[in-house]
Each structure stands twice: as structure tokens, then as C-alpha cells.
1. Based on this model, can you work out whether SER86 counts as more than 30 Å from LEU182 (Cα to Cα), within 25 Å of the chain's Cα centre (by Cα) and at pLDDT 75 or above?
2. Would you point out the residue of region 111-158, among those that are farther than 17 Å from PRO63 by Cβ and hydroxyl-bearing (Ser, Thr, Tyr), that is modelled with the highest pLDDT?
3. If VAL139 meets every condition in (1) of a type in the set (Val, Ile, Thr); (2) outside the structural domain of LEU31 (by TED's automatic domain parsing); (3) closer than 26 Å to PHE10 by Cβ apart from one, which number is that one?
4. Against the definition (under 30 Å from VAL181 (Cβ atoms), assigned by TED's automatic domain parsing to the domain that holds LEU206 and either touching a Phe, Trp or Tyr at 6+ places or on another chain (Cβ under 8 Å) or at pLDDT 85 or above (or both)), how does SER11 come out, yes or no?
5. Which one of ALA185, ALA202, ALA192 is part of a helix (DSSP H, G or I), under 18 Å from LEU31 (Cα atoms) and modelled with pLDDT of 90 or more?
6. Does VAL197 count as assigned by TED's automatic domain parsing to the domain that holds GLY26 and outside any helix (DSSP H, G or I)?
7. State which residue is nearest to LEU21 (Cα to Cα) when the search covers only region 128-167 and only residues that are free of Cβ contacts under 8 Å to residues at least 12 places away in the same chain and not in a helix (DSSP H, G or I).
8. Kindly indicate whether any position in region 28-43 is crowded, with 19+ Cβ neighbours inside 10 Å and modelled with pLDDT of 75 or more.
Amino acid sequence: MSGTLGFLCFSFFSNALFPLLTGLFGVPLLLGSSGETVEERGAAELKPSKNCFLGALAGFFSPLLPAVNPALLASSAFLFLERSASSYLFFASALASSKMVFDFAAKSALGVSRSGAAAAFDGGLFEIMAGAAALLASVFLLFIFSRQLAAFSKTLNNPKAFLFAVAIAVYWLNGFPGLFVLASASCIGLLALEAGVRKANAAGALILPSILYSTGWAAWLVALLMG
């Protein structure tokens with residue numbers, strides 16, 4: 001059902017991804033968690049991680065190793081690091097972030113693209129610095145106002161208010177066709193929730209259209225539906 005809906009949305013609607021995924025995953029989650037309260041926990045203690053530092057250092061030297069991508073480098077380093085999921089995630093995330101920063105730095109300073117993301121970016125140093133400054137400012141503001149935002153969110157523990165906000169956002173971006181897609185996807189998502197089906201199966205809304213378009217069957221099916 002989700003695959004059929006996804007194919008119809010991508011074939012006959014424009015920009016249907018937001019209402020489609022929101023209806024399949026977001027709306028059922030809001031309705032399913034109605035009335036539930038989350039246990040309040042104390043502030044987590046932040047400790048510097050050695051794996052983050054090593055990952056950032058590896059990202060600096062990774063351009064010197066041609067044909068070695070970050071995933072392969074992280075997997076190789078995992079043989080010598082602490083074998084735990086958190087250690088690997090810390091190292092791999094720091095490695096990818098560090099490599100991206102140095103890739104864009106090389107693109108701006110030398111005009112050499114060391115990755116596909118840097119090659120696809122045609123802007124100058126100003127755009128990179130503006131984006132980095134906006135990211136750092138948003139993270140800094142989030143750390144400052146995180147407690148206030150958490151306290152404010154407790155006063156909005158009303159799924160209907162969130163659903164109304166989602167509907168307004170969908171209407172603003174997609175109009176009435178977006179609301180129709182949102183309602184249809186929400187029905188399928190709620191049906192899966194009531195039947196106890198894993199939410200991962202709703203990913204068929206993306207998988208089936210990809211298969212049909214890659215095999216060339218999508219055009220034939222669209223022509224058949226159009227008569």
C-alpha cells in the first residue's frame with residue numbers, strides 16, 4: 001500500500017515527499033503517543049572523547065590516501081580502537097565532519113575538489129563561511145536555550161496542536177493536493193500501527209517507485225493509468 005501510494009504521489013504530484021513521509025511516519029507517531037509522558041532525566045555529563053579527536057585527525061590526513069574513503073578508513077581504525085558501537089560512531093562522525101571541512105577548505109584555497117560534495121559546490125569562500133557561521137550560531141543558541149525550550153515543550157503536550165501545525169505547513173508548501181497526500185499516508189501509517197507492522201515497511205513508498213523508474217516500467221504504468 002505504501003509503495004502504491006508513493007508511486008502515485010511521485011507520478012502525479014509535485015513535491016509530495018514531505019506530506020508523504022510525514023503521514024506515514026510522523027502523524028501515526030503523534031497519535032500513538034497521545035497521553036504519554038516522558039520521564040524527566042538530569043543533565044548528561046559531557047566528557048571529551050578520544051575517538052572524536054582521533055577521527056578529526058584522521059579526516060585531516062585522509063586526502064593524502066587516495067582511493068581510501070572515510071568508511072574504509074573508519075572500519076580499519078576500528079580494529080585498533082575500543083570495539084563498541086559508540087566508539088565507532090564517535091570516530092566515524094568526527095572523521096566525516098573533519099574530511100568535509102578540509103575538502104571545502106581545499107576547494108576554496110586551491111580550487112581542487114577532493115570529494116563529490118566539494119565538486120558540486122560552485123560557490124566561493126563567502127558562502128562557505130556564511131553557512132559555517134550560521135551552523136555554529138544555531139548550535140550555540142541551542143545549547144543556551146535548550147532548557148527553556150524543553151520546559152516550553154512540556155506546555156505543548158497536545159498532539160492536536162502539533163497535527164494542526166503539520167497540516168498548516170503541508171498546506172503552505174503543497175496546497176490542497178499535499179493535504180490529500182498527508183491524509184492518505186496517515187491512514188496507511190495508522191493502519192500499520194494498529195496491525196503491529198514494522199514502520200520500516202512503510203519505506204516501500206520510496207523503494208517501489210525507485211524500482212519502477214529504474215526499470216522503465218513507470219512510464220508504462222503512468223500511461224496505463226492515464227488511459
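The values are calculated or read from the model by the stated rules, or taken from the named source; none is laboratory data. Here the structure is a predicted model, which means the values were calculated and not measured. Cβ coordinates were reconstructed from backbone atoms using ideal geometry, including for glycine residues, and neighbour counts include every protein chain displayed.
1. Details: more than 30 Å from LEU182 (Cα to Cα): yes; within 25 Å of the chain's Cα centre (by Cα): yes; at pLDDT 75 or above: yes.
Against the criterion (more than 30 Å from LEU182 (Cα to Cα), within 25 Å of the chain's Cα centre (by Cα) and at pLDDT 75 or above), SER86 qualifies.
2. SER138
3. Here VAL139 meets the rest and fails (3).
4. Against the criterion (under 30 Å from VAL181 (Cβ atoms), assigned by TED's automatic domain parsing to the domain that holds LEU206 and either touching a Phe, Trp or Tyr at 6+ places or on another chain (Cβ under 8 Å) or at pLDDT 85 or above (or both)), SER11 qualifies.
5. Answer to the selection: ALA185.
6. Working: assigned by TED's automatic domain parsing to the domain that holds GLY26: yes; outside any helix (DSSP H, G or I): yes.
Spelling it out, VAL197 is indeed assigned by TED's automatic domain parsing to the domain that holds GLY26 and outside any helix (DSSP H, G or I).
7. The residue in question is ASN158.
8. The answer is yes; a qualifying residue exists.
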